Amino acid sequence: MAKSGKPKFDAAASITNELIAIIDRGVLPWRKPWQVGGSSVPLRQNGEPYQGINNFLLTMRTMMAGYTSPYWMTLRQANELDAKIIKGSKSSIVVYYGTAERGRKDGASGDDAESNDTKTIPFMKSYRVFNADQIEGLDVRFHPEPPELLDHPERKPIPHMQAFFEAIGATVSFSGREASYMTVLDKIYLPAIEHFENPLNFYSVWGHELAHWTKARHRLNRSYGDARFGNTAYAREEIVAELCTVFLGQMLGLSAHMLEMNAAYLDNWPRVFRSHKRAIFKHAADAQKACDYLVAASEAGQGAKAA
């Protein structure tokens, strides 16, 4: 039987091209504060939150499409719930990672045990999901009531955010006029909270710099090479910090929307993504690791204080 001439679908390339097209418009939807149906993260059909790249992708798609439900599911899952996809609805791509064991043969004799060792090979596969807003016949639990959005116009600390960041234990000086992480000193400089129009912006910037703080050799040891302002290594690290701030913001109730992004900075993102179609997957994974590190550090710090 002749093989089909249709090219194999490339999920990584499709997602990368989607992001490049959005960034080229100059609008970054993940920078807007959001909460849908009482959840600040997209949820699987069983209520489990998405993480990493899937969290980022579905957050972006929820905001762009204006969905009011945080729940996503496959066609099969919808059918199992006796529900139907609304005609004309467009699915969204998500991915999952796994490993496969393969025998390793190098032509050596069978007596050589090492020549026949199994080799673990990582793989990435994609599947498609629909938002609950695109599905008819679902139980009301998939359409929870929207929350009341709260604003924090007063320039004073927000207790739960302040406690979270302080417990991490990073060395921070609030005497700066600009925000930065000084690698040599292992120290963060931030303007005082009074210099921000909204304290949510203050905590978002703090989270952004803490994301950079995690890259230190004695923490996550993250490096993309010699980073200088404007080069690719610099842009890669900034993407990680941006995504880490998004993930932290979902937990704490802040957003990354206040961070400045000039045209040159924005141009770096497509350049990074075009350099390798799986760059966004790598950086989203690194951002999730940074977020998890900060959460663990904060929990340990708060636990020690309580003891």
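The values are calculated or read from the model by the stated rules, or taken from the named source; none is laboratory data. Being a predicted model, the structure only gives us computed values, none of them experimental. For neighbour counting, all protein chains shown are included, and Cβ atoms are generated from backbone atoms with ideal geometry for every residue, glycine included. Each accessible area value is taken on the protein alone, full model and side chains, heavy atoms only, with ligands, DNA and RNA left out. Shrake-Rupley method; radii C 1.70, N 1.55, O 1.52, S 1.80 Å.
Surface analysis of the chain yields an accessible area of 56 Å² per residue, using protein heavy atoms and a 1.4 Å probe. Placing 60, 251 in order of accessible area, with the largest value first and a 1.4 Å probe, yields 251, 60.
Using the Karplus relation 6.51 cos²θ - 1.76 cosθ + 1.60 with θ = phi - 60°, the per-residue 3J(HN,Hα) values for the range 182-195 come to 8, 4, 4, 8, 6, 9, 9, 10, 9, x, 5, 4, 5, 7 Hz, with x marking Gly and Pro. When the pairs 125/289; 119/289; 8/277; 84/282 are compared against a 23 Å limit on Cα-Cα distance, 119/289; 84/282 fall above it. When the surface is traced with a 1.4 Å probe over the full set of protein chains, residue 9 keeps roughly 110 Å² accessible.
Over all projection directions, the Cα-based convex hull of the chain averages an area of 23.4 nm².
Using a probe radius of 1.4 angstrom, the carbon and sulfur fraction of the accessible surface of the range 161-301 is 51%.
Order of 39-51, 119-131 by packing, highest average Cβ count within 10 Å first?
Going from most to least packed, we get 39-51, 119-131.
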